[in-house]
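Below: one structure, written as structure tokens.
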């Protein structure tokens, strides 16, 4: 078989896989595996993305200055603290 | 029509032969390109899926959480606050929440301890997240000893291990009864960690929050919309995690495309000169280079995107999980529900394939329009 046809066949196969992605995603969304019933009633306020510091475990509940709260010269020393930013105050409390 | 197809096939044949002549160089080119697409696509898939999970999970968050601040730190909320807040018009329910952290000296892990009344947990029992079960090697029926405030053990029998599908919420969680919670930390009976407030009309939330803040100046009401926006901004492209990865990928891609756009190698110029001298037209040379760009970029784009999908949704994004893990002893396995749509894929395509193909064709157009003799002597 010509090399060009081989390439076109390979590209067609990759393209088919690529076009299957949104279909697979839609299928997975309609049939979610995640069963949250046991934790739904806990009314959680945060996702568990990191567990090394309280302000990255519960960023929505943490204060703006939480990373520096331990003592005046305590600089950020948790790696996830540089990836998960503290909550931005969006509403002025009167 | 048949002739046009034949012409394209012939030029593609020549392109592939030409690329294979410089096999090592071109394979490394595809590998780097694939890596950049893989990283960008993984990031986009990861962030979109987390945004979706956040929206779904935080849908069940309380309408408002009221904290109390003292000397710049969160402090316990007295029962008197609960009574007065529940009398504010529009407030339908105020529920004291008891939660906190427990540092396990055995393995250095931090657990989130939460007292639950609904569903009720029997005193002396606990439901634990899959991460806690793994870290302490526990199963249903085992005993989990926690050290109380006075250094005496509190033995809890494991009633349930939460499924790993709930890791994104509860991997580090120990759910116990309010009595055990108070006993463990010597938590005052008439105080709570914070208050979960339910308001009848969502439009009145900010008014109720303003009333609470004016009635209790040391309180900090946090609305559900603020919690949701915290997560939306966390996964926004300006968020810490996204920005670092996006900037790294884009800068490497710009360097990569810039290298292609700034010129051709002497060998490539010579090849163009020879092709022109044996009768190839400028349009044929441009078509050759166009196909070269398509072969490299389309292969890298399609494979990079498919691999990124597998990385994020089948392998639980080990690359990003490592970055988020930091020094955590317990961390979730990101079993995310895939989120991909045509918009995401077309953004990825225009960010990667279009600039690269343009960057390949432009210098070739300059080389293809010069005299073949000059090109060969270059």
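The values are calculated or read from the model by the stated rules, or taken from the named source; none is laboratory data. Note that the coordinates shown come from a computational prediction; the quantities given were computed from them, not determined experimentally. So basically every Cβ, Gly included, is an ideal-geometry build from the backbone, and we count neighbours across all protein chains shown.
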Legend entry - Evaluation of residue B:136 against (1) more than 26 Å from residue A:79 (Cβ to Cβ); (2) touching a strand residue (DSSP E or B) at 6+ places or on another chain (Cβ under 9 Å) (one fails), failing number: (1)
Legend entry - Residues of the range A:43-60 satisfying the condition of being at the interface with chain B (Cβ under 7 Å from one of its Cβ atoms) and outside any loop (DSSP other than H, G, I, E, B): A:54, A:57
Inset, instruction - Filter the range B:116-128 for residues that are more than 10 Å from chain A (Cβ to nearest Cβ) and in a strand (DSSP E or B) and give the result. - result: B:125, B:126, B:128
Inset, instruction - For residue B:208, indicate whether it is away from chain A (no Cβ under 13 Å), buried (at least 19 other Cβ atoms within 10 Å of the Cβ) and over 20 Å from residue B:136 (Cβ atoms). - result: no
Inset, instruction - With the condition kept exactly as written, say whether any residue in the range B:129-149 is within 13 Å of another protein chain (Cβ to nearest Cβ), in contact with a helix residue (DSSP H, G or I) (Cβ under 7 Å, 6 or more places away or on another chain), surrounded by 14 or more Cβ atoms within 10 Å (Cβ to Cβ) and more than 12 Å from residue B:111 (Cβ to Cβ). - result: yes
Inset, instruction - Among the residues of the range B:170-179, count how many are assigned to a helix (DSSP H, G or I) and either crowded, with 24+ Cβ neighbours inside 10 Å or outside the structural domain of residue B:210 (by TED's automatic domain parsing) (or both). - result: 1
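Scan B:87, B:67, B:105 and give me the residue that is buried (at least 16 other Cβ atoms within 10 Å of the Cβ), out of contact with any helix residue (DSSP H, G or I) (no Cβ under 7 Å at 6 or more places or on another chain) and either touching a residue at least 60 places away in the same chain (Cβ under 8 Å) or assigned by TED's automatic domain parsing to the domain that holds residue B:189 (or both).
Numbers: B:87 fails: buried (at least 16 other Cβ atoms within 10 Å of the Cβ); B:105 fails: buried (at least 16 other Cβ atoms within 10 Å of the Cβ).
Every option except B:67 fails the conditions.
If I filter the range B:337-370 down to residues being in a loop (DSSP other than H, G, I, E, B) and more than 9 Å from every other protein chain (Cβ to nearest Cβ), which single residue comes out as nearest to residue A:56 (Cα to Cα)?
From the range B:337-370, those in a loop (DSSP other than H, G, I, E, B) are B:337-341, B:369-370; that's our starting set.
Then keep just the ones that are more than 9 Å from every other protein chain (Cβ to nearest Cβ); that gives B:369-370.
Details: B:369: 58, B:370: 60 Å.
Selected residue: B:369.
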Inset, instruction - Considering (1) at pLDDT 85 or above; (2) within 12 Å of chain A (Cβ to nearest Cβ); (3) surrounded by 20 or more Cβ atoms within 10 Å (Cβ to Cβ); (4) more than 27 Å from residue B:4 (Cβ to Cβ), say which one residue B:302 fails and leave the rest. - result: (4)
Legend entry - Single residue of the range B:321-336 satisfying the filter (more than 9 Å from chain A (Cβ to nearest Cβ) and assigned to a helix (DSSP H, G or I)) that is modelled with the lowest pLDDT: B:322
Inset, instruction - Kindly check whether there is at least one residue in the range B:49-62 that is farther than 30 Å from residue B:221 by Cβ and touching a residue at least 24 places away in the same chain (Cβ under 8 Å). - result: yes
Legend entry - Residues that are part of a loop (DSSP other than H, G, I, E, B), over 35 Å from the mean Cα position of the chain (by Cα) and in contact (Cβ under 8 Å) with a residue 40 or more places away in the chain, drawn from the range B:182-212: B:187, B:188, B:190
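Within the group B:165, B:130, B:177, which residue is more than 22 Å from residue B:74 (Cβ to Cβ) and free of Cβ contacts under 8 Å to residues at least 60 places away in the same chain?
B:130
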Legend entry - Lone unmet requirement of (1) in contact with a helix residue (DSSP H, G or I) (Cβ under 6 Å, 6 or more places away or on another chain); (2) in contact (Cβ under 8 Å) with a residue 40 or more places away in the chain; (3) part of a strand (DSSP E or B) for residue B:154: (2)
